[in-house]
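The values are calculated or read from the model by the stated rules, or taken from the named source; none is laboratory data. None of the values given here were measured: they were computed from a predicted structure. Neighbour counts are summed over all protein chains in view; Cβ atoms, including those assigned to glycine, are modelled from backbone coordinates with ideal geometry.
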Amino acid sequence: MLRSRLRTPSRSIPLLVLLTALVADVASPWGPEPYPQPPSPDVDVTKDRSYAPARPAGTQGHKLDRFVRRSRRPAPLVIFTHGSGWMADNGRMDADKVAAQLNPHGFALAGVAVRSGSQAQFPAQLHDIKGALRWLRANAGKYHLNPERFAIMGEFSGGWATTMAAVTGDMPKLEGTVGVNGPSSSVQAAVPFYPPVDFRQMDAHMLTDCTPRKDRIHGEGCP
């Protein structure tokens, strides 16, 4: 895990401490769909923005939502991507909740979706998150973002995307060609929540008394 301090206009906030406090407010992807947070009147909200063409057509895996305070001063950006076990392209889920906590401290927030495992195979999901990072950096001036102060966070499969983005910034063999090419895909801080990092060990840690995963989607099965 990378640690960093990003300075806001009024104070210095330990990014790791601030974002760790948010995880309790982010709903489980298996629970009921939460009510959206009402946007603050001093925050510009843009949803359903494509950072690359949809592949396959009609899917949500190349979309992002932005929550940026109305200010001419470039803001540090936190990219958030929700987990789904690679079963859904729902990475923007709960981004409004995270934005509601971060925007008052001077941070901009981008909720980023990547494709599911059924829509595209590895390393497509890594290519997606890096494509989103390049697109956001390419448009940093337009949206009043500081391109030198990008952080990323996510949980489970979103935590995996967070980890991979942190350790593979600007590696040519892993950049892919999703969306804009040229800008850096690196991040200055990363906060991955319980990401799977050794897939060879996952079966050994699986609980043996769980009902099938398809039941879990409806709120039952493994905790």
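Of note:
- Filtered by the rule that a residue be part of a loop (DSSP other than H, G, I, E, B) and surrounded by 12 or more Cβ atoms within 10 Å (Cβ to Cβ), region 182-191 gives P183, S184, S185, S186, V187, Q188.
- Scanning region 40-77 for residues that are loosely packed, with under 15 Cβ neighbours inside 10 Å and polar (S, T, N, Q) yields T46, S50, S71.
- Of the criteria (1) at pLDDT below 95; (2) over 13 Å from the mean Cα position of the chain (by Cα); (3) aliphatic (A, V, I, L, M); (4) not in a loop (DSSP other than H, G, I, E, B), which one V68 fails: (1)
- Count - residues of region 169-198 that are acidic (D, E) and at pLDDT below 95: 2
- Failed criterion for S116 (all others in (1) in a loop (DSSP other than H, G, I, E, B); (2) under 17 Å from N181 (Cα atoms) hold): (2)
- Condition met for R55 (in contact with a helix residue (DSSP H, G or I) (Cβ under 9 Å, 6 or more places away or on another chain) and without any contact (Cβ under 8 Å) to a residue 40 or more places away in the chain): no
- Considering (1) part of a strand (DSSP E or B); (2) in contact with a Phe, Trp or Tyr (Cβ under 7 Å, 6 or more places away or on another chain); (3) buried (at least 21 other Cβ atoms within 10 Å of the Cβ), the lone condition that G131 does not fulfil carries the number (1).
- All conditions but one from (1) touching a Phe, Trp or Tyr at 6+ places or on another chain (Cβ under 7 Å); (2) surrounded by fewer than 21 Cβ atoms within 10 Å (Cβ to Cβ); (3) within 20 Å of Q188 (Cα to Cα) apply to A99; the one that does not is (2).
- Listed by first and then second residue, the pairs with beta-carbon distance under 6 Å, at least 6 apart or on different chains, first residue in region 134-147 and in a loop (DSSP other than H, G, I, E, B), second among the aliphatic types (A, V, I, L, M) and surrounded by 20 or more Cβ atoms within 10 Å (Cβ to Cβ), are Y143/V68.
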